[in-house]
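The values are calculated or read from the model by the stated rules, or taken from the named source; none is laboratory data. Predicted, not measured: the structure shown is a model, and the values here were computed from it. Backbone-built Cβ (ideal geometry, glycine too); neighbour counts: all protein chains shown. Heads up: the accessible areas ignore ligands, DNA and RNA and are worked out on the full protein's heavy atoms, side chains in. Shrake-Rupley method; radii C 1.70, N 1.55, O 1.52, S 1.80 Å.
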Amino acid sequence: MTENQGKTFASSPTFTRRQITNAGAALAFFGPVWAHAQSNKENGMADTILMNGRITTLNPRMPEAEAIAISDGKVLETGSNAEIMRLKGPGTEVIDLGGRRVIPGLNDSHTHLIRGGLNFNMELRWENVPSLVDALRMLKDQAARTPAPQWVRVVGGWSEFQFAERRMPTLDEINAAAPDTPVFILHLYGRALLNRAAIKVLGFDKSTPNPPGGEIRRDAQGNPTGLLIARPSALILYSTLSMGPKLPVEDQINSTRHYMREMNRLGITSVIDAGGGGQNYPDDYSVIQKLHDEDLLTVRIAYNLFAQTAGAELSDYERWVSITEPGAGSAMLRMNGGGENLTWSAADFENFLEPRPDLAPTMESELEPIVELLATNKWPFRIHATYDESIDRFLSVFERVNGRQPFETRFIIDHAETVSAKNIERIKALGGGIAIQHRMAFQGEYFVDRFGAQAAQATPPVGRMLEMGVPVGAGSDATRVSSYDPWVGLYWLTTGKTLGGTPLYGEENVLSREDALRLWTHGSAWFSGEADVKGTLAPGMYSDLAVLSADYMSVPPEEIRRINAVMTMVGGGVVHGEGAYADLAPPLPPASPDWSPVGAVPSPGERQASLGNETQFARACHDGCASACAMHGHDHGIAWNNPIPARDLKSFWGALGCSCFAV
């Protein structure tokens with residue numbers, strides 16, 4: 001997308017510049033308007049003015065404004081309505097914000113948009129679904145829509161603790177919902193659930209061996225049950241998922257467009273793509289490159305190159321260094337360096353259902369030449385690092401390389417849930433930054449169960465990071481585990497709670513709303529070397545912004561997760577609009593293929609308003625439960641999840657006629 005693609009003009013249909021250039025009739029039609037736009041630019045007037053809003057600019061010189069003027073894809077000025085309306089020229093479009101909150105466009109500093117876009121139209125999303133009953137009903141409906149040989153896939157973005165029942169689906173329930181269509185449900189980094197139809201299609205039987213680092217759970221007769229367990233490697237989960245059918249290229253293009261529009265719907269205007277297994281450069285970047293070349297990107301993307309083959313990682317980077325360089329591309333699609341996987345021996349799996357893994361003793365000898373190659377060629381790089389023990393070893397490698405070949409550009413530690421103050425200081429000394437994600441919002445309960453509540457109080461220690469002055473950016477690590485929804489991340493950062501409501505942090509690790517927003521905007525821009533052009537709404541910065549459905553700065557904490565954007569702009573052009581702004585957005589073709597969940601089920605961005613609504617069908621027990629409580633019926637969670645002033649839970653509630661704890 002060019003800087004002004006999607007820009008609309010008063011009382012005129014929407015055309016891209018390419019369409020205008022290629023159509024003589026359109027040129028004739030738009031002649032006067034185009035002349036006005038050129039005149040506006042020459043006279044210092046605005047192309048577009050947004051007025052009558054509450055604009056959080058994150059610009060220290062003017063933190064709040066009523067109006068913003070946009071010219072040539074950048075912020076021209078912010079100020080009061082009266083001040084900004086002086087910049088209105090003959091062709092200026094004026095948009096009334098109606099008092100809504102406006103923020104700089106959100107920037108996910110660690111996600112997997114390029115891979116996720118290829119699959120988005122195939123995946124059923126359970127984000128924000130209030131009960132397991134609802135989730136299973138969605139699964140059943142999608143199974144009925146999905147033709148052979150396609151699968152139903154639920155891949156990331158959910159936790160059982162979000163459900164009213166606060167439990168996982170059983171294999172029996174999944175088989176009942178989808179007896180004939182293969183189903184794959186990924187649960188965090190730890191397990192996947194397959195129905196009998198998927199087991200049959202995959203050919204799993206008694207003789208199928210367990211892969212390294214994984215387990216195929218079996219019944220008493222040795223037959224696979226449908227439960228796959230990462231111990232601790234998620235390879236068994238991802239390799240099984242990769243065996244499913246893929247979309248044709250035409251549908252992958254459509255899918256990526258819908259995924260970007262979904263991000264726009266949530267206020268996202270930029271991402272940094274951290275690569276992924278099976279995402280080889282340049283072959284697997286053809287879809288995103290085609291969309292770029294046709295001016296159809298609605299999210300700015302900086303992408304890192306992820307080493308693909310164990311044992312050949314150095315060869316990958318030697319080849320890539322010879323064919324591309326950091327910054328290659330445009331303001332909409334640009335190469336950002338190496339990682340997040342630099343060498344497979346450095347993978348410390350973030351599976352809190354299993355003990356912390358120790359990295360291979362060969363890690364240092366494999367990582368060091370790769371880091372030296374990247375440092376010599378001035379390539380920024382990032383590395384996946386969950387645990388402080390891993391970070392400590394990585395930094396020792398970085399320090400040795402830096403002693404011979406000083407780092408001249410940034411490097412990134414990704415995740416860093418348990419990083420220590422000592423290692424934060426080492427990261428800062430080397431010129432690095434830390435990209436954090438809201439993985440603990442999904443895995444917090446499991447971390448507490450394994451490592452304890454005290455250990456969880458600084459996971460990651462974002463307050464300490466900011467205090468020590470290290471660059472910090474926020475993101476999601478979507479889509480295989482965490483949700484791509486940034487409002488989950490902003491809720492987690494500002495409340496310290498998981499999706500299930502479990503409080504994890506003390507005040508020292510909970511951020512103000514402005515500080516959290518800064519991490520999701522200007523903080524993230526550092527990680528692609530673009531802090532000088534995006535992340536605030538100061539004059540001269542990209543006019544990437546989101547007009548919100550509710551006032552993020554003042555709504556009650558639990559309502560933060562319900563926020564979405566009613567209008568989103570990238571480079572001054574509208575890329576998403578709803579309600580009063582719907583006519584400003586460029587058209588989007590229907591989701592394809594026609595059985596896609598995207599065309600049948602409201603997306604997370606579309607169902608924000610109903611988030612938190614309870615379902616009358618929710619039960620906190622299995623459907624076969626015969627223990628309806630005299631007080632609570634089958635909603636045993638009322639008893640299970642509320643504090644009770646007695647040590648003997650069963651006898652206390654029993655005295656009141658409640659038998660929930662006997663279930």
Filter segment 249-287 down to the residues that are crowded, with 19+ Cβ neighbours inside 10 Å and polar (S, T, N, Q) and list them by number.
252, 254, 255, 256, 264, 269, 270, 279
Just wondering, is there one or more residues in segment 302-317 that are over 23 Å from the mean Cα position of the chain (by Cα), within 26 Å of residue 252 (Cα to Cα) and at pLDDT below 95?
yes
Pull out all pairs, ordered by first then second residue, where Cβ-Cβ is under 7 Å, the residues are six or more apart or on different chains, the first lies in segment 359-372 and is free of Cβ contacts under 8 Å to residues at least 60 places away in the same chain and within 17 Å of residue 213 (Cβ to Cβ), and the second is assigned to a helix (DSSP H, G or I) and open to solvent by 10 Å² or more (accessible area, probe 1.4 Å).
359/345; 359/393; 360/345; 362/345; 363/345; 363/393
Output for segment 520-534, where each listed residue is open to solvent by less than 10 Å² (accessible area, probe 1.4 Å) and within 19 Å of residue 489 (Cα to Cα):
520, 521, 524, 525, 527
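To keep it simple, each residue is scored yes or no on (1) under 22 Å from residue 422 (Cα atoms); (2) part of a helix (DSSP H, G or I); (3) open to solvent by 30 Å² or more (accessible area, probe 1.4 Å).
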| residue | (1), (2), (3) |
| --- | --- |
| 352 | no, no, no |
| 360 | no, no, yes |
| 364 | yes, yes, yes |
| 369 | no, yes, yes |
| 378 | no, no, yes |
Scanning segment 385-394 residue by residue, those surrounded by 24 or more Cβ atoms within 10 Å (Cβ to Cβ) and not small (Gly, Ala, Ser) turn out to be 386, 391, 394
For segment 111-141, which residues satisfy the criterion of being part of a helix (DSSP H, G or I), polar (S, T, N, Q) and open to solvent by 10 Å² or more (accessible area, probe 1.4 Å)?
119
Can you confirm whether segment 568-581 contains a residue that is free of Cβ contacts under 8 Å to residues at least 12 places away in the same chain and in contact with a helix residue (DSSP H, G or I) (Cβ under 9 Å, 6 or more places away or on another chain)?
yes
Test: residue in segment 620-633 that is among the small types (Gly, Ala, Ser), open to solvent by less than 40 Å² (accessible area, probe 1.4 Å) and modelled with pLDDT under 95
yes
Condition first: farther than 17 Å from residue 353 by Cα and open to solvent by 40 Å² or more (accessible area, probe 1.4 Å). Now tell me which residues in segment 427-455 satisfy that.
428, 429, 454
How many residues are under 28 Å from residue 489 (Cβ atoms), modelled with pLDDT of 95 or more and not aliphatic (A, V, I, L, M) when one looks only at segment 138-157?
2
Is there any pair linking a residue in segment 504-527 that is free of Cβ contacts under 8 Å to residues at least 24 places away in the same chain to one that is outside any loop (DSSP other than H, G, I, E, B) and open to solvent by 10 Å² or more (accessible area, probe 1.4 Å), with Cβ under 9 Å and at least six apart or on different chains, and which?
507/463; 512/494
Quick check on my filter: what residues within segment 221-230 are surrounded by fewer than 21 Cβ atoms within 10 Å (Cβ to Cβ) and either modelled with pLDDT under 95 or within 21 Å of residue 483 (Cβ to Cβ) (or both)?
none
Just to check your reading of the model, which residue among 478, 516, 474 is on the phi < 0 side of the Ramachandran plot and assigned to a helix (DSSP H, G or I)?
516
How many residues does segment 166-187 contain that are under 20 Å from residue 235 (Cβ atoms) and in contact with an Asp or Glu (Cβ under 9 Å, 6 or more places away or on another chain)?
1
Got a sec? Which of 486, 503 is modelled with pLDDT of 95 or more, within 30 Å of residue 165 (Cα to Cα) and surrounded by fewer than 17 Cβ atoms within 10 Å (Cβ to Cβ)?
503
With respect to residue 342, is the statement that it is closer than 26 Å to residue 246 by Cβ, out of contact with any His (no Cβ under 8 Å at 6 or more places or on another chain), part of a loop (DSSP other than H, G, I, E, B) and open to solvent by less than 30 Å² (accessible area, probe 1.4 Å) true?
no
Condition set in a strand (DSSP E or B), touching a residue at least 60 places away in the same chain (Cβ under 8 Å) and of a type in the set (A, V, I, L, M, F, W, C), scope segment 300-339, selection surrounded by the most Cβ atoms within 10 Å (Cβ to Cβ): answer is 302
Taking the conditions exactly as written (part of a loop (DSSP other than H, G, I, E, B) and at pLDDT below 95), does residue 536 satisfy them or not?
no
Is there any pair linking a residue in segment 102-115 that is farther than 17 Å from residue 531 by Cβ to one that is among the basic types (Lys, Arg) and open to solvent by 10 Å² or more (accessible area, probe 1.4 Å), with Cβ under 8 Å and at least six apart or on different chains, and which?
102/54; 112/480
Residue pairs within 6 Å by beta carbon, gap of at least six or interchain, first lying in segment 125-138 and under 15 Å from residue 499 (Cα atoms), second assigned to a helix (DSSP H, G or I) and not aromatic (Phe, Trp, Tyr), listed first then second, are 126/135; 129/135
